[in-house]
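Notes to accompany the following structure.
What follows is calculated from the coordinates using simple rules that are stated; it is not laboratory data. All figures in this text were calculated on a predicted structure; none of them were measured in a lab. So basically every Cβ, Gly included, is an ideal-geometry build from the backbone, and we count neighbours across all protein chains shown.
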């Protein structure tokens, strides 16, 4: 099997920084604002999210490549991808509860949130549209997961400091978080054009 | 062989589907992001239906197997206990959240049922009922503020204009208050309280609501000056000062601080007050909540949380005139001839309850003053805590 490492690295870096899902594509904002109030939840979410993304992308790639393309079922990909991720997350949830209860109580609550997240769906959809190989798909998944983790951790560390700041009343809570996100997105804009895929 | 059979079946299915669908909606085309085709590819539709059906069945069976294989047996009592608990996840019980306590109290016979501070005794009884353990009576506690020196009564070292939060203010040379033991008044405790029991007075001191406070201890942990402590609600007389400065220094910094003069120690009939390190402390195990020290304290550093004290009444039918009460009364409010019924002077009685405790005939009862009765207590400059 011929693996183009250069392309894989490009995809990885591009998805982490340049096309960061939160700051460049504005996806996954509900979880982004939901769990970044505290660093602890942000870190827990980052780990869970990256793991689910990686396994979900691999599963979806196999199904897409070996079942959906031969049978010309590309038009069903949104439905199928959501179903596959949901089934996988549900199974993981049940298994984790039995095998690793400590991990389950730490990360279990995030699993249910993740199922319907748009980044989780976007990654296999991009993989399918770009006709990535298995390794390229996984590079995109890990890169996007790391990019999302980066976004969560940056945001959580700022919002923890924000607790002590004297925010005008009308901006308190979500509004100032949106302003912050915009500012960070501006910073991430600096990465654009570094790599063209 | 099987492949051919499957192919024939799919073809037949798609043919039937096309006949049916063309009758139902003859002009159905393709749309969306799918590339335009001249006619509907019915075999793809058939594949799609079959694929989705197979996928659904496979996932369903897989999830069912997983659920059966990795079943976790939970005690139904855990759920019941969790439903009974207040759900504040305050951690006052010492476990990680209400669910953690519910599991511990059901699973571990050594875990007591009365650990939930916000739930008080009613929750303890319900938990005891579910788990079959014995409920011990919990004496209700409340958070008490050990500082009365609001902005009007205390001095400031400098003008603080930083972040309006005690944890931030304390970083600037220990806060702007001259007294290093006092409440800074930037309401960190108010924000920490999950029950909304704390409000800030006009003098920037926390007021703790007796009804709402559950003694969960969040404010105690939040206060960077350790001004708030949990205390038994029944012990309503509190020396509201934490200053270990020398008396003269206290006077310079605050009008209502404890100057360790020792008057309360000499006044206390129960010998419950001790001065240690320039600060008087009440031993609540000995305190009889008589309130005498409150009256005698020259700086009004001792606070009585009973808003209106009851007055003593002597039942003339039971009184033998032994004059035990007359000797014990600290304000000489009881008078009467020996061997005849005694009378309590309602104006001088301070409601300490010592005569009631001592009367051998149980002739004295403490009665809440009727409305309109004059409260002889001197009007305070400020009420630090509403009760």
Q: For the protein assembly as shown, give the share of DSSP beta bridges that are antiparallel, in percent and rounded to the nearest 5; count only bridges with both residues there.
A: 100
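So what is the calculated 222 nm ellipticity per residue for the protein assembly as shown, using -39500 (n - 2.57) for each DSSP H run with n of 4 or more, over all residues, to the nearest 500 deg cm²/dmol?
Values: 21 runs with 260 residues, N = 584.
Per the formula, -14000 deg cm²/dmol.
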(Q) Using a Debye calculation, one point per C-alpha and no hydration shell, please list log10 I(q)/I(0) for chain B at q = 0.08, 0.11 Å⁻¹ in order. (A) -0.63, -0.94
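What is the gain in length, in nm to one decimal, between residue B:2 and residue B:53 on full extension, counting 0.36 nm per residue of separation less the C-alpha to C-alpha distance?
Details: separation 51, 0.36 × 51 = 18.36 nm, distance 1.92 nm.
16.4 nm is the gain from fully extending residue B:2 to residue B:53.
Work out the FRET efficiency for residue B:251 and residue B:283 from their Cβ-Cβ distance, taking R0 = 25 Å, and round it to the nearest 0.05.
Working from the Cβ atoms, E equals 0.45.
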(Q) Contact order normalised by length for chain B, with contacts defined as Cα pairs under 8 Å and 6 or more residues apart; what percent is it? (A) 11
Q.
Given a 10 angstrom Cα cut-off, can you work out which residue in B:159, B:19, B:239 is the most mobile in a GNM of chain B?
A. B:19
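Shielding by partners for B:44-56, please: the mean number of other protein chain Cβ atoms within 10 Å of each residue's Cβ. Mind dumping the intermediate values first?
On the way: counts 6, 2, 1, 7, 8, 1, 2, 7, 5, 0, 1, 8, 2.
Partner-chain Cβ atoms within 10 Å, mean over residues of B:44-56: 4.
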**Q.** Gaussian network model of chain B, springs between alpha carbon atoms under 10 Å - residue of B:11, B:126, B:148 with greatest fluctuation
**A.** B:11
Q) Across peptide A:83-92, what mean number of C-beta atoms from other chains lies inside 10 Å of a residue's C-beta? A) 3
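Based on other C-beta atoms within 10 Å, arrange B:343, B:227 from fewest to most.
Numbers: B:343 14, B:227 24.
Final ranking by Cβ density, sparse to dense: B:343, B:227.
So what's the convex hull volume per residue for the Cα atoms of segment A:19-189, in Å³? Let's see the in-between values first.
Details: hull volume 19.6 nm³, N = 171.
Roughly 115 Å³ of hull volume per residue.
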Q: Using only Cα atoms, tell me the angle between helix B:42-69 and the longest principal axis of chain B; keep it within 0 to 90° and round to the nearest 10.
A: 40
Q: Between residue B:271 and residue A:6, with labels modelled 7 Å along Cα→Cβ, what's the label distance in nm to one decimal, could you check?
A: 9.3
Q. Across every pair of different alpha-carbon atoms, what Kirkwood hydrodynamic radius in Å does the protein assembly as shown reach?
A. 30.7
Q) Counting partner chain Cβ atoms within 10 Å of every residue's Cβ in A:165-174, what's the average? A) 1
Q: Could you order peptides A:175-185, A:18-28 by the average number of other Cβ atoms within 10 Å of their residues, highest first?
A: A:18-28, A:175-185
Q: Any chance you could give the angle, 0 to 90 degrees and rounded to 10, that helix A:101-114 forms with the longest Cα principal axis of chain A?
A: 80
Q: Considering only B:87, B:182, B:149, give the residue with the highest GNM mean-square fluctuation for chain B, with springs between Cα atoms whenever their separation is below 10 Å.
A: B:87
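For A:192, B:201, what's the fewest-to-most ordering of other Cβ within 10 Å of each Cβ? Intermediate results must be reported in sequence, preceding the final value.
Working: A:192 12, B:201 17.
Sorted ascending by nearby Cβ count, the order is A:192, B:201.
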(Q) Less than 20 Å from a label point 7 Å out along the Cα-to-Cβ axis of residue B:199: which backbone N atoms in segment B:122-166 qualify, by residue? (A) B:142-152
Q | In degrees, nearest ten, helix B:2-24 long axis to first principal axis of chain B (Cα) | A | 80
Q | Label zone at residue A:75 (point 7 Å along Cα-to-Cβ), backbone N below 15 Å, segment A:114-155 | A | none
(Q) If packing is taken as the average number of other Cβ atoms within 10 Å across a peptide's residues, how do B:75-82, B:55-62 rank, most packed first? (A) B:75-82, B:55-62
